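Taking it in order: structure first as structure tokens, then the write-up.
The values are calculated or read from the model by the stated rules, or taken from the named source; none is laboratory data. Treat the numbers as computed from the prediction; the structure is a model and nothing was measured. Note: ideal-geometry Cβ built from the backbone for every residue, glycine included; neighbour counts use all protein chains shown.
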Amino acid sequence: MLGNGNQTKMTTVLVTGASRGIGLEFVRQYARSGYSVIATCRTPEKANQLTGLLKGAVNILVEPLDVASDKSIQALNQVLNERAVTIDLLISNAGILINERFLDWNRDSFRETLETNAVGPAMLVQSLNPFLSQSAKVVQLSSRLGSLDWGGKGMSDGDSYAISKVALNMLTVRLASIYEGSKRIAVSISPGWVATEMGGPGATLAVEDSVSKMIPTIEALTVSDSGRFIDGKGDSLPW
Ligand SMILES: NC(=O)c1ccc[n+]([C@@H]2O[C@H](COP(=O)([O-])OP(=O)(O)OC[C@H]3O[C@@H](n4cnc5c(N)ncnc54)[C@H](OP(=O)(O)O)[C@@H]3O)[C@@H](O)[C@H]2O)c1
């Protein structure tokens, strides 16, 4: 049903990193609200929770996407092209956190973190540009650890992660400046400390609560919000 052009136009959202955690919950909640959802993840055949959502749902399309791979991004483009998809909302959620001890850094893990959390989202949004609607919203899942003002405080072994989220935040600002004069919107949003595989069991927010807070905030975004770094409620966070 996605992109067949014969039915009432629904808002289309594309979510990255939808196999689990916050991405999976975005898919669940947007699908429940009647959005057309393109749920992407690295290995759909292993994403049992995601494919479980397909039962009885006609508005979810699952497609493979590794944001760190140009080949994978190109393959997704081909699918979107064939289906003549227009994306109203991009939830750029895929991310990794590799714990490393202070001054025990490792070039490979830094590279992998930057590839996934910053370079990948940049290459993806560039490649999806022709599919974004004129008033598309591009939402980057960032983190308080990416705040320069706060010095990335809050996690002692997350330096590469914090650095990658600073870069991601600059991507948001650059996109917002590119979108200036149009109706497109780019924001960075911090979901809070969320009980997922990444956030761990000690986190203060359940994934359902984090996402149900972010969805109305994203819905309410207007052009004047473009380029902002916000929390789930829409309050500004310091860069
Ligand atoms: N949880 C928190 O407390 C918290 C706080 C601040 C910000 N965030 C941000 O929120 C986002 C989601 O986090 P989460 O807590 O849901 O993490 P999570 O439970 O670890 O899930 C991460 C998701 O990203 C996917 N992913 C990783 N590398 C990928 C790649 N190269 N291409 C495509 N997908 C990839 C994973 O897929 P696989 O199944 O293939 O590994 C998984 O679906 C991240 O950007 C994270 O930095 C989370």
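In the range 40-88, the residue that is farthest from Asn117 (Cα to Cα) out of those that are part of a strand (DSSP E or B) and near the ligand (Cβ under 10 Å from one of its atoms) is Pro64.
Conditions tested, residue by residue: (1) modelled with pLDDT of 95 or more; (2) over 24 Å from Ile230 (Cα atoms); (3) crowded, with 18+ Cβ neighbours inside 10 Å; (4) away from the ligand (no atom under 11 Å from the Cβ).
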{"residue": "Arg101", "(1), (2), (3), (4)": "no, yes, no, yes"}
{"residue": "Ser109", "(1), (2), (3), (4)": "no, yes, no, yes"}
{"residue": "Glu112", "(1), (2), (3), (4)": "yes, yes, no, no"}
{"residue": "Thr116", "(1), (2), (3), (4)": "yes, no, yes, no"}
{"residue": "Pro130", "(1), (2), (3), (4)": "yes, yes, no, yes"}
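Of all the numbered requirements in (1) assigned to a loop (DSSP other than H, G, I, E, B); (2) touching a residue at least 12 places away in the same chain (Cβ under 8 Å); (3) small (Gly, Ala, Ser); (4) touching a strand residue (DSSP E or B) at 6+ places or on another chain (Cβ under 9 Å), Ala203 misses one, and that requirement is (2).
Candidates are the residues of the range 1-15 that are at pLDDT 95 or above and touching a Leu at 6+ places or on another chain (Cβ under 6 Å); the one that is nearest to Asn48 (Cα to Cα) is Leu14. The set of residues in the range 168-182 that are surrounded by fewer than 18 Cβ atoms within 10 Å (Cβ to Cβ) and either under 16 Å from Arg101 (Cβ atoms) or within 16 Å of the ligand (Cβ to nearest atom) (or both) contains only Met170. Here Lys213 fulfils each of the conditions (1) basic (Lys, Arg); (2) closer than 30 Å to Ala75 by Cβ; (3) outside any loop (DSSP other than H, G, I, E, B) apart from (2). Evaluate the following for Ile91: is it buried (at least 18 other Cβ atoms within 10 Å of the Cβ), within 11 Å of the ligand (Cβ to nearest atom) and more than 19 Å from Arg20 (Cβ to Cβ)? Judged against the criteria, Ile91 is not a match. The set of residues in the range 68-88 that are hydrophobic (A, V, I, L, M, F, W, C) and surrounded by fewer than 17 Cβ atoms within 10 Å (Cβ to Cβ) comprises Ala75, Ala84. Can you spot a residue in the range 210-217 that is touching a Lys or Arg at 6+ places or on another chain (Cβ under 9 Å) and at positive phi? There is no residue in the range 210-217 that is touching a Lys or Arg at 6+ places or on another chain (Cβ under 9 Å) and at positive phi. When the residues of the range 8-39 are filtered to those that are out of contact with any strand residue (DSSP E or B) (no Cβ under 6 Å at 6 or more places or on another chain) and assigned to a loop (DSSP other than H, G, I, E, B), the one that is farthest from the ligand (Cβ to nearest atom) is Thr8.
For the range 167-187, state whether one or more residues are modelled with pLDDT under 95 and assigned to a loop (DSSP other than H, G, I, E, B). No, every residue in the range 167-187 fails to be modelled with pLDDT under 95 and assigned to a loop (DSSP other than H, G, I, E, B).
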